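Below you'll find the structure, written out as C-alpha cells, and then a few comments.
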Amino acid sequence: MLSDIGNSHLAVSDPFFTGWLGATRQRLAALAQTPNTSLGHLETALEEELRRLGLAVLTEAAHWQALHTPFLCPVCRQPLQRESREESRQIHSTMGPLRAVRDLGWCVPCQGWFYPADHRWGLQRHAPASPRVQEMAAEAVLKMPCAQAEVTLPRLGGCSRSATTLHREARRAGQRALSLQREDQHRTTTAAGVAQLAAQAKTPDQPFVLVIELDAWNIRERTDWGKTPALRRKGQEPERWHWVYTGTIFRLDQRGHTAAKRPVISERGYVATRAGLEALEQLVYAEALRRGLTRAAEVLVVADGAIWIWNLVEDRFRRATQRVDLYHVKQHLWTVARELYAENSEARQWLRPLFHQLKTKTDGAAKVLHTLKDLLRSKADMTAVQREKIAKEVGYFTTHAKRMDYAQAKRKKQPLGSGAIESTCRQYQVRFKRTGQFWSLEGDESLLALETLRRNERWHLLFPHTIPAALTPLNPQPGPNPPAPGPTPITP
Ligand SMILES: [Zn+2]
C-alpha cells in the first residue's frame, strides 16, 4: 500500500539537491574552461543535468499524485478493494524514464482490476508514454514523417524516442481522436445530440452568415498491397487513390484581411474524412452546429461543381444559399472560348463581356447560358467535337445557373469563390501527400482525425494538461479526467 511522504519515495532531499547543484556547477565550470566550447555546449550540458534533477522531482510528484487519487473505480466510481501489494511501473516522461508505484484495486460491480493512479496520471493502457510524451509524439508526427521526427525532436529539446515509438504513440492518439469524431457523428443522429452540439456554439448577438465550403483531394493507400497480380487476373484494377472529403466552416464576420491585404479567417472549423460521404455529411453537420448553424440568419455553401457536394447540401442544408466557385465557372467558359478561337487575345475579348455579366448582373448566368445556347443554334461551321464540348458546357450552366448569383454575393460582401477550402486542402496535403508516401485506411483516417482535432482547437480533449487552468497549483479538485475511450479493467 502506498504510504505518505517522509519515506523512501521522497527522492529530492536537501542533500540531494545540494549535491546536484555542486556537481552541475563543477561540470559547467570544467566545460567553460575547455578551449573551443561555446555557450551551446554549456546549454546542452545544463539541459542534461536539469533533466536529471527533474526526473527526481517528477518521480516524487507522481507519487504524491498517486497518493491523493481517490481509490475509486475509474468506470463506475465505486470504491475499489485494495490489493495488499503495491506495483511499480515504468513511465517514459519528458525528463526520462521514471519508476512509479501505485495501488491495484478490484471493482466488484465491474468485476475488474484497476490502477486508479494510471488513470489519474493520464497513461494509456499498455503504453509507458507520459501525457507530455504522447502529446509531443502526436504533434511531431502530424508535422513530419516519423523517421524525421526521431531526429528532430531531441534537437528541439523534446524527448528522444524511436521512429517506431513515435508512430505508435501518434497512432494511439489518432485512435482516440477518431473515437471522439465518431461520438460527434453519433450525436448528429439523435435530437439530444444535435441540441448538445448546438449548445456549444458561441455566436454574436447580431445576425450572422455561416459559410460552409466543401472540396475533396486524394490520398494514396497501400490497399491490397502485393495482391496486384492476383487482382488483375480477376480483371480488377487495385484502387490506390482515394478521396479525402474536406470542409471548412466559419462565420462571415470572422473573415478579414491582414495589413498586407491577405485574406484571413480568425476562427473556423475543419472536417476531413476518408470514410465516405455519409461520414462527411455527419461531420460537417456536427461542426456547423458547433459554429452556430441553428442561429445563423443565412447559411451559404460555396464549392466547385462536383455533384456529390450539391446532393449533400440538398440533403442536409436545404435552406442554404448555394454558390459555385467563380474561378471554376470561368474555367468552363475558357473551355468554350478555346473551341471558338485559336488566339488567346480573341478568346479573351469574347470572354470579357460574359465575365462582366456574371459578376454584375443578377441574371448574368441566364444571359451567359443564352449566349452558349445561341452558339449551338447559330454557328453552323462547328465540328461535331466542338458541338459536343459546347453542349456539355450548356449542361453545366443549366445545372448550376441558380448557384451563380455573383452580383448579389458582391452586394452582400460574401465570398465569390471557395478559396478558403482550397487552401485548407493544400494544408492537409502538405503532410498527407509526400513523395513516396502510402497510407492505410486505418492509419490515414486516425491521423486525419488527429490533425482535424488540433485544427479545431480541441487538443485538450486528448491532452487535458494543455488547458492552462489545469496547471494552476492549489486547486483542490483533481483535474478533468481524460475523456473517452474510458479505461478498461485489467484482466487478472
Ligand atoms: Zn467499477
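The values are calculated or read from the model by the stated rules, or taken from the named source; none is laboratory data. Fair warning: this is a prediction, and the values are worked out from it, not measured in the lab. Don't worry about glycine lacking a Cβ; one is built from the backbone with ideal geometry, like all the others, and counts go over all protein chains shown. The protein model used for the area step is the full one, side chains on, heavy atoms only, and it has no ligands, DNA or RNA in it. Shrake-Rupley method; radii C 1.70, N 1.55, O 1.52, S 1.80 Å.
Estimated purely from DSSP H runs of n ≥ 4, each contributing -39500 (n - 2.57), the mean residue ellipticity at 222 nm for the chain is -16000 deg cm²/dmol once divided by its residues. If you sort the three axes of the alpha carbon gyration tensor as a ≥ b ≥ c, you get a/c of 1.5 or more for segment 225-384 and a/b no higher than b/c, which makes it oblate. For Lys373, give me every one of the aspartates and glutamates with a C-alpha distance below 14 angstrom, ignoring sequence neighbours fewer than eight places off in its own chain. By straight Cα distance, Lys373 reaches Glu388, Glu393.
Extension gain, Arg458-Ala163: 0.36 nm per intervening residue step, less the Cα-Cα distance, totals 103.6 nm.
By the gyration tensor of its Cα atoms, with a ≥ b ≥ c the square roots of the eigenvalues, what is the shape of segment 1-143: rounded for a/c under 1.5, prolate for a/b over b/c, or oblate? The shape class here is oblate.
Across the chain, the mean sequence separation of Cα contacts (distance under 8 Å, 6 or more residues apart), normalised by length, yields a relative contact order of 15 percent. The protection proxy used here, the mean number of other Cβ atoms lying within 10 Å of each residue, ranks peptides 334-347, 290-303 as follows, highest first: 290-303, 334-347. Find how many whole Å separate the alpha carbon centroid of segment 299-329 from the alpha carbon centroid of segment 69-94. Here the two parts' Cα centres lie 52 Å apart.
I need the per residue convex hull volume for segment 58-126, using only the alpha carbons, in cubic angstrom as a whole number.
Cα convex hull per residue, to the nearest whole number: 82 Å³.
The modelled label-to-label distance between Met144 and Leu376, using points 7 Å beyond Cα along the C-beta direction, is 5.5 nm.
Note that segment 129-189 shows a convex hull volume over its alpha carbon atoms of 77 Å³ per residue.
Probe radius 1.4 Å, ligands and nucleic acids left out: which of Tyr327, Tyr115 has the largest accessible area, and how do the rest follow? Before the final figure, lay out the partial values.
Values: Tyr327 140, Tyr115 30 Å².
Correct descending sequence by accessible area is Tyr327, Tyr115.
I want the local charge near Arg89. Using Cβ-Cβ distances under 15 Å, sum +1 for each Lys or Arg and -1 for each Asp or Glu among the other residues. Charge balance near Arg89 sits at 0.
Going through the cross-link list Lys143/Lys261; Lys410/Lys433; Lys261/Lys412; Lys361/Lys412; Lys330/Lys402; Lys202/Lys359, which pairs have a Cα-Cα distance over 25 Å in this structure? Among Lys143/Lys261; Lys410/Lys433; Lys261/Lys412; Lys361/Lys412; Lys330/Lys402; Lys202/Lys359, the Cα-Cα distance tops 25 Å for Lys143/Lys261; Lys410/Lys433; Lys202/Lys359. The residues Trp217, Trp106, sorted by heavy-atom accessible surface at 1.4 Å with ligands and nucleic acids left out, run Trp106, Trp217 from largest to smallest.
Ranking Ser84, Leu450, Gly305 by how far each Cα lies toward the positive end of the dipole of the chain (charges on Cβ) leaves Gly305 at the top.
Distances between every pair of Cα atoms in segment 121-237, grouped in 10 Å steps from 0 to the bin holding the largest one, split as 10, 23, 24, 27, 14, 2, 0 percent. The slack in the chain from Trp350 to Ala259, taken as 0.36 nm per residue of separation less the alpha-carbon distance, amounts to 29.1 nm. The largest accessible area among Asp205, Asp374, Asp304 belongs to the first residue in Asp205, Asp374, Asp304, and the rest follow in falling order (1.4 Å probe, all chains). If the segment from Arg155 to Ala191 were pulled out straight at 0.36 nm per residue, it would be longer than the present Cα-Cα gap by 8.0 nm. The local environment of Leu166, defined by Cβ-Cβ distances under 15 Å, has a net charge of +4 under the rule Lys, Arg +1 and Asp, Glu -1.
With a 1.4 Å probe and all protein chains left in place, how much of the accessible area of the chain comes from carbon and sulfur atoms, in whole percent?
Carbon-and-sulfur percentage of accessible area, whole number: 55.
Shape class of segment 261-327 from the alpha-carbon gyration tensor: rounded, with the ratio a/c of largest to smallest axis under 1.5. Only Cα sites of the chain enter the Debye sum here, all with the same form factor; the resulting log10 I(q)/I(0) across q = 0.14 1/Å is -1.39, listed in q order.
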